[in-house]
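To start, the structure itself, in structure tokens.
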Amino acid sequence: MYPILIRLADRGWLETSWEQAPTAGRPPRHLYRLTQTGLDGAIELAREAERTRAQLRPLTAGGA
């Protein structure tokens with residue numbers, strides 16, 4: 001999972017930071033937040049997936 005998060009951050013889809021006040025006895029966590037670029041990209045990927053699903057639906061509806 002971390003290689004994917006790193007790639008998304010490198011492409012500007014995620015902001016990264018370290019936890020400011022970690023809990024005692026636990027190492028600090030690396031935090032990730034979706035950027036506006038990431039949100040726009042995720043929305044477009046979801047739209048593409050829906051278009052693909054809509055195109056495939058007629059093929060599978062008759063075969064059931």
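Among the trypsin sites (Lys or Arg not before Pro) in the stretch 1-48, those placed in a DSSP loop whose Cβ has at most 14 other Cβ atoms within 10 Å are Arg11, Arg29.
Counting only Cα atoms, the size of the chain along its three principal axes is 59, 25, 17 Å, in decreasing order. For the pair Glu48 and Thr23, the difference between a 0.36 nm per residue extended length and the Cα-Cα distance amounts to 4.9 nm. Computed from label points 7 Å out along Cα-Cβ, the spacing between Asp10 and Leu34 is 2.2 nm. Carbon and sulfur atoms: what percent of the 1.4 Å accessible area of the chain do they account for? That fraction is 60 percent. Rounded to the nearest 20, the size of the Cβ-charge dipole of the chain about its Cα centre is 180 debye, with Lys and Arg at +1 and Asp and Glu at -1.
3J(HN,Hα) along the stretch 6-15, derived from phi through the Karplus expression 6.51 cos²θ - 1.76 cosθ + 1.60 where θ = phi - 60°, amounts to 5, 4, 5, 5, 4, 8, x, 7, 10, 9 Hz, with x in place of Gly and Pro. For Leu56, the accessible surface of its heavy atoms amounts to roughly 90 Å² (probe 1.4 Å, protein chains only, rounded to the nearest 10). Entry comment: accessible area of the chain is 86 Å² per residue, from protein heavy atoms only and a probe of 1.4 Å.
The values are calculated or read from the model by the stated rules, or taken from the named source; none is laboratory data. As the structure is a prediction and not an experimental result, all values here were calculated from the model. Using ideal geometry, Cβ is built from the backbone for each residue, glycine included, and neighbour counts are taken over all protein chains shown. All accessible areas refer to the heavy atoms of the entire protein, side chains included, with ligands and DNA or RNA removed. Shrake-Rupley method; radii C 1.70, N 1.55, O 1.52, S 1.80 Å.
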